[in-house]
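Written out below as structure tokens is the structure these notes cover.
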């Protein structure tokens with residue numbers, strides 16, 4: 001009997017740690033994000049609409065999605081607040097792009113593809129192809 005009770009308690013603890021606790025943390029973080037919203041913040045809604053906060057009220061806000069186009073949205077509709085990119089971040093992204101280009105050049109410079117090998121074999125006459 002004690003074994004079943006111990007097993008039940010262990011399952012309840014695992015359920016709490018793996019399911020309930022992370023959900024509570026996510027809900028709290030989302031509520032804090034919605035309350036920390038400011039006028040002028042760029043946001044992405046759960047519907048995939050990007051815009052800038054034009055006016056804030058207790059439970060909702062006005063989202064400007066284009067010049068002169070304003071939508072009234074519920075605060076719970078915010079998926080994320082988009083952070084401003086500074087000049088330093090843009091420079092870092094450019095450096096990353098250059099590194100990727102160099103890596104791609106290294107991969108293509110020293111390796112033959114299967115098509116190149118097939119073309120070389122065809123030129124040598126080693127492989128015969130059927131012509132229609």
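Read-outs: derived from the displayed coordinates by stated rules, not from any lab. Only a predicted model underlies this, so the values are computations on that prediction, with no experimental measurement involved.
Values for this structure:
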| read-out | value |
| --- | --- |
| Gain upon complete extension [residue 19, residue 69; 0.36 nm per residue less C-alpha separation] | 14.0 nm |
| Difference of contour (0.36 nm per residue) and Cα-Cα distance, residue 8 to residue 54 | 11.4 nm |
